[in-house]
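One structure is given here, and the rest of the page talks about it.
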Amino acid sequence: MKINSLIFLFFSSLFILASCEDDVLVKPSAMLRLDYPKPKYHTVETGCAYNFSMNENAVMIQKKRCGTDIYYPNMKATLYLTYQNIRNNNLDSLLQDAQKLAYDHTIKANSIPEQPFINPDKKVYGMFYMINGNAATQAEFYVTDSIHHFLNGALYFDAKPNFDSIYPAVIYLREDIRKLMETITWE
């Protein structure tokens, strides 16, 4: 019986050694490539005191009190727009609230660069906040005519924030936000 055990051990060892001689294929490192269609914009009329151009790949959803959601189904992202009339000289408080909303994300954000926006011909003035890092939102903005109208917006993804993973979509959507700011008109 000892000889049978030794023979079994010998052949099983040979089998294992023979199977280990396969060539090892090294897989090249790869990065996720997300391609999005080149944006095409069209002007939308909200039925409220503001109109703008938006990406044809997005869906506009009208909300109460002239709020608007712009949903991007392919990216599972939504740009939430909130409109308010300027009343009783409350522009300062609206500006402070918009800035506070952006800077509430400093806990998770790596940086929050600001980009002022000024278009005196259309009477549109505002600020664009690019929130970098694993914050809940990746961009916030506001625009106003400083007299009657105030619109602010925030971009959210339907996923747990992971800035590295959503970065290509963030860059794409930030350009859409800039386009919205550039094309806004007041009624």
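Every read-out reported here was derived from the displayed coordinates using simple, explicitly stated rules and does not represent laboratory data. Remember, predicted model here, so these are calculated numbers, not experimental data. Cβ sites come from the backbone with ideal geometry, for glycine too, and all protein chains shown count toward neighbours.
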Inset, instruction - In nm, give the distance between the simple-model label positions of MET60 and TYR41, each being 7 Å from the Cα along the Cα-to-Cβ direction. - result: 1.3
Legend entry - Calculated FRET efficiency for the pair LYS179/SER111, C-beta based, R₀ 25 Å, to 0.05: 0.60
Legend entry - Three-way shape label, region 41-186, alpha-carbon gyration tensor, a/c 1.5: oblate
Inset, instruction - Determine which lysines satisfy two conditions relative to LYS160: a Cα distance under 28 Å, and not lying fewer than 8 residues away in the same chain. - result: LYS38, LYS63, LYS64, LYS76, LYS100, LYS108, LYS179
